[in-house]
Structure formats: structure tokens, C-alpha cells
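Worksheet for the structure shown next.
Bear in mind these aren't lab numbers, they're just calculated from the coordinates by the rules spelled out. Computed from a predicted structure; not experimentally measured. Here Cβ is always computed from backbone atoms with ideal geometry, including for glycine, and neighbour counts include all displayed protein chains.
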Amino acid sequence: MRIVLLGPPGAGKGTQAKQISETYKIPHISTGDIFRENMSNDTPLGKKAKEYIAQGLLVPDELVVDMVADRLSQDDVLSANYGYLLDGFPRTVFQAQALSQINAKRDCELDFAINLEVPFDILIERISGRRICPTCQATYHIKYNKPKIEGICDLDGTPLYQREDDKVETVKKRIDVYQEQTEPLIEYYQNKHKIININGLQDMNDVFENIKEILSGVN
Ligand SMILES: [Zn+2]
């Protein structure tokens, strides 16, 4: 089975990716992992990526595509009947077209693009309400998982803090970027009848049950 997982930051992609990968025995491939692997193993692609990063530049689409193509030719993917779950790729229509070409070389097609839908205002509330204990790393939410005393960790009494990444302005920017790049991607997969929209507001287990129901017809 070949799946890509789409959804804005904070929609719970990581949790679903793990469950899908375990249940359907397909490797979970995240672009973050591919980057780290190539760079730490100093592969030719990793070296190129480092040059861009060292100059403070974005790694170009072509190089990202090359790294994904290389990853999709590895044994775990092939032994899963050329199966994979991609997380964080494609991010743009260009990348989606490239993926389609990579698949075509193996006479295969993508089965589904699973789109976890969560309204943006709710994402902002979810992420920006997070508070963290610097001592024990426990996480709280100012509305959904309040500590007993406001702003204080239940476990060790340390004052909680908010990560820079979780601040409203940062979250809004990340969502804007997502929206700008990924909305066309959703349309692209819609036109190819690959998109599966899943209500990401449900409980995590219900989200997964939903995904399983839809995938049960395929193998
Ligand atoms: Zn604590």
C-alpha cells in the first residue's frame, strides 16, 4: 500500500503515521528522517543538502525529490511490495508530480492521500495553549489539561513555560505556509480521486478507526 499523509502542523500526523505503519506493515518515511540519515551518513545527497543549509538556503525541491526517490528504492520499501507511508512529502504540487513519476518507474500508483482536517482556529488554540515543565518535561494545556495550580507543574512545582514554536504568532505563520503550499496539493489529489478527508477533531483512536475502515477495502 502506498500512502501519503497530509495535514497541518498539530493535526496529529505523527501518531497516525505510527499506527498506520505498524498495522499495514509499511515503512513510515518522514522527510525529517531522510534528511538526518543522508546528512549523518555523509551520502552524496546529504553533502549537497549540507551545502545549502550551511549557506542558510532552503534545500531545493529537486534535491528533496532525489532523496525521497533514493529512500523509496531501499529494501524495506521493496519488500513491502513497494509500499510506504510518506509523512512530510510531498509538500508541493511539484513534489507530488515527481512522486507520481517515481511510482510510474515501478509501474505503480499512489493509493491514497489521507488528509487530516482540523480547522485552523482549533489548531491555534491546541498548540498555543500548550505549557511545558522545564524540569520534568510534563505537558499541560491551559484549557484542556490544566495543572492544579495555574502555571505550576503538578509533579514538582516548577513554573511552566511556553515553547517559542508554540506562540500564537509562530503557529499562525506555520499554518499560513502550510495553507499556501498544501491547499493546491489537496486539490491536485482531489482531481486524481486519491484524497481521503478525515475529521482530525475526533479522538486519536477514532481517527485511526476511520482510516482503517477506509483502507480495509485495499491491500
Ligand atoms: Zn514538572
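A few notes on this one:
- Computed on region 108-170, the Cα convex hull volume stands at 141 Å³ per residue.
- For the chain, Cys with no neighbouring Cys Cβ under 4.7 Å: Cys108, Cys136
- Test item: Cα-centred dipole of region 177-219, Lys/Arg +1 and Asp/Glu -1 on Cβ, debye: 240
- Zone of Phe120's modelled label, taken as backbone nitrogen in region 180-213 under 16 Å from a point 7 Å along Cα→Cβ: 180-187
- Remark: region 124-219 carries a charge dipole of roughly 80 debye about the Cα centre, counting +1 on each Lys and Arg Cβ and -1 on each Asp and Glu Cβ.
- Size descriptors for region 1-101: radius of gyration and Dmax over Cα atoms are 13.7, 41 Å.
- Take the Cβ atoms of Asp70 and Ile152, set R0 to 45 Å, and the FRET efficiency comes out at 0.40.
- Hull volume per residue, based on the alpha-carbon atoms of the chain and their convex hull, is 148 Å³.
- Note on region 8-137: with charges restricted to the Cβ of Lys and Arg (+1) and Asp and Glu (-1), its dipole about the Cα centre is near 400 debye.
- All lysines inside 21 Å of Lys143 as judged from Cα atoms, apart from same-chain residues fewer than 8 positions distant: Lys167, Lys172
- Expressed in Å, the radius of gyration and Dmax of the Cα atoms of region 173-219 are 13.2, 38.
- The stretch between Lys167 and Lys212, if pulled fully straight at 0.36 nm per residue, gains 12.8 nm over its current Cα-Cα span.
- Dipole of region 1-79 computed with +1 at Lys/Arg Cβ and -1 at Asp/Glu Cβ about the Cα centre; of Leu57, Ala69, Ala11, farthest Cα towards the positive end is Ala11.
- Most fluctuating residue given options Gly129, Gly88, Gly56, as computed from a GNM of the chain linking Cα atoms under 10 Å: Gly56
- Residues of region 84-110 falling in the label zone of Val177, defined by backbone nitrogen less than 20 Å from a point 7 Å along Cα to beta-carbon, are 87-96.
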